[in-house]
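Chemist: Structure below; questions to follow.
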Amino acid sequence: MSGPMFQIMGSVLSGVAQIRQAQAQQVQYEIKARNEVIQARTDAVNYKKEGNERMRELLVAMSSSVANAAAGGLDPYGAMETKDLINLNSMKMAGMDIRSLNLNAESAILRGEANAQQARLAGDAAVRYATVGAFANVATNVGDVMNQGAQAAAAGGG
């Protein structure tokens with residue numbers, strides 16, 4: 001094999017290595033994407049747990065107001081008494097908190113999916129650009145080798 005052939009083969013091997021490196025980077029981006037989805041789901045579950053805790057707190061508060069009404073000599077089942085107004089206000093506040101937590105859970109999932117998609121796109125772009133770069137380098141080196149051969153032939157033939 002001649003020197004120019006080694007030069008071209010080295011260029012091709014370098015290009016293949018460049019592409020393989022980008023593919024390894026793509027795997028890292030895919031792992032990041034999976035981790036983003038897992039984290040988002042974990043966040044969403046935590047928001048749901050917090051919402052369940054708020055519901056438990058609401059039930060405790062409502063039970064307490066009913067028990068206090070009964071202990072104070074009021075009808076615990078009577079409508080539109082003070083305890084009912086307190087319970088309605090408690091339900092309203094808890095409902096707003098729970099709705100907010102549900103929105104946060106949905107937002108966490110959407111954010112995680114968006115971040116995962118960005119990571120996957122970055123991995124795809126890395127491979128695509130590395131492939132284009134590798135082919136460009138090979139083409140440039142082949143052109144240089146051909147140019148050097150043409151110059152050597154012209155110098156030897158003249």
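Chemist: Given the structure, is residue 132 part of a helix (DSSP H, G or I), within 24 Å of residue 27 (Cβ to Cβ), under 45 Å from the mean Cα position of the chain (by Cα) and β-branched (Val, Ile, Thr)?
Modeler: Spelling it out, residue 132 is indeed part of a helix (DSSP H, G or I), within 24 Å of residue 27 (Cβ to Cβ), under 45 Å from the mean Cα position of the chain (by Cα) and β-branched (Val, Ile, Thr).
Chemist: Could you tell me which of the residues 65, 100 is surrounded by 12 or more Cβ atoms within 10 Å (Cβ to Cβ) and modelled with pLDDT of 90 or more?
Modeler: 100
Chemist: Which one of these is closer than 30 Å to residue 5 by Cβ, without any contact (Cβ under 8 Å) to a residue 40 or more places away in the chain, out of contact with any Leu (no Cβ under 7 Å at 6 or more places or on another chain) and not aliphatic (A, V, I, L, M): 95, 72, 156?
Modeler: 156
Chemist: Quick one: which residue in 111, 56 is of a type in the set (Lys, Arg), out of contact with any strand residue (DSSP E or B) (no Cβ under 6 Å at 6 or more places or on another chain), within 30 Å of residue 124 (Cα to Cα) and part of a helix (DSSP H, G or I)?
Modeler: Selected residue: 111, the only one of 111, 56 that is of a type in the set (Lys, Arg), out of contact with any strand residue (DSSP E or B) (no Cβ under 6 Å at 6 or more places or on another chain), within 30 Å of residue 124 (Cα to Cα) and part of a helix (DSSP H, G or I).
Chemist: Pull out all pairs, ordered by first then second residue, where Cβ-Cβ is under 6 Å, the residues are six or more apart or on different chains, the first lies in the stretch 139-150 and is in contact (Cβ under 8 Å) with a residue 12 or more places away in the chain, and the second is part of a helix (DSSP H, G or I) and of a type in the set (A, V, I, L, M).
Modeler: 142/8; 145/8
The values are calculated or read from the model by the stated rules, or taken from the named source; none is laboratory data. Keep in mind that this is a model prediction, so the values were computed, not measured. All Cβ positions, glycine included, derive from the backbone under ideal geometry; neighbour counts span all protein chains shown.
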